[in-house]
1. Between VAL228, VAL288, VAL146, where does the largest GNM mean-square fluctuation fall for the chain, given springs only between Cα atoms within less than 10 Å?
2. Which residue, ALA12, ALA40, ALA111, tops the fluctuation ranking in a GNM of the chain built on C-alpha contacts under 10 Å?
3. For the stretch 1-101, with only Lys/Arg (+1) and Asp/Glu (-1) charged at the beta-carbon, what is the dipole magnitude about the Cα centre, in debye rounded to 20?
4. What percent does the relative contact order of the chain come to when contacts are Cα pairs within less than 8 Å and at least six residues apart?
5. Based on other C-beta atoms within 10 Å, arrange ARG15, ARG103 from fewest to most.
6. What percent antiparallel are the DSSP beta bridges of the chain, to the nearest 5?
7. With only Lys, Arg, Asp and Glu charged, each at its Cβ (+1 for the first two, -1 for the last two), find how big the charge dipole of the chain is about the Cα centre; round to the nearest 20 debye.
8. Fewest Cβ neighbours within 10 Å first, please rank LYS141, LYS222 accordingly.
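Every read-out reported here was derived from the displayed coordinates using simple, explicitly stated rules and does not represent laboratory data. This is a predicted model, so every value here is computed, not measured. Heads up, the Cβs are rebuilt from the backbone with ideal geometry, glycines too, and the neighbour counts pull from every protein chain shown.
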Amino acid sequence: MKKDSETQMKAARLRELLATRTFAIPGAFNTLIAMQIERAGYEIVYVSGAAISACRGVPDIGLLTLNEMADEAGRIAKAVSIPTIVDADTGYGGTAEVAEAVRVFEEAGLAGMQIEDQDMAKKCGHLSGKHLVSMAEMAAKIKVAVQAKRDRDFMIVARTDARSVEGLEAAVQRAATYAEAGADALFPEALESAEEFQTFSREIKKRGATAPLIANMTEFGKTPLVSVAEFEKLGYRGVLFPVSPLRTALWAIGELLAELKPLGSQRNRLHHMMTRQELYRLLRYTDVQEQREGRSYEHGHERVSHD
């Protein structure tokens, strides 16, 4: 299947954005949240494997299949006009599976795909006890992913989880190797201080890597909270907030449910809710209705004229 021009434009736009300045990149766990992210003025959206897994009631240990992730990420990507990066975990297997993942995600409308160097029994990047594939094996996956691209602008983001397994120096060496293999962006996971992010940025440049750097600002993990402005000074182009919207939504729902049960009414929570009118505006209710009515009219007119 050939990629449409809109998808190609999104991939080119993603590459252009990450070459210019630093962006906050929130995570969407469904199409409605992606639409809200775009409406709020963000220019890139991220689809987190952890968030999508959580919405299916399972932990982030690589249980989702390629097709399951592509279906969800594809719906999200097509619901917005801004480019979308998808979390592809370990690439769903070896080099053949990675190549297939690139093709599937491209066809689904994604602008970029992230793969990591954990082994197949992966864990959340901020948990202990992770195991990595060899640097050579991951580099081979990157090479195959680059070769599998049909659109040269589709971005392959290489994530290394080496910091908490082999140390920061190893993370730098792995990332540099992945850049040599053709990675379009580099993502060091679970660094433990702003100083480590600075060291990583400095050392990766010393090794000649020019790919944009991506940082992960997930909450309650090994990484302290660093602002987007600070990351820009440290040399990073993308700052992911992969599960922040989901965690916020879950907390708000928990507050509602805790209050609704004893009170029997939601009246005290109305000021925490999006109104019907606001939701309709987000959904472009009027535009969609007018388009539907217009198609119905044209179809009916066409039918009458042929009788």
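1. VAL288
2. ALA40
3. It works out to roughly 380 debye.
4. Worked out over the chain, it gives 18 percent.
5. With the fewest neighbours first, ARG15, ARG103 line up as ARG103, ARG15.
6. Antiparallel bridges: around 5 percent, rounded to the nearest 5.
7. 340
8. The fewest-first ordering by Cβ neighbours comes to LYS222, LYS141.
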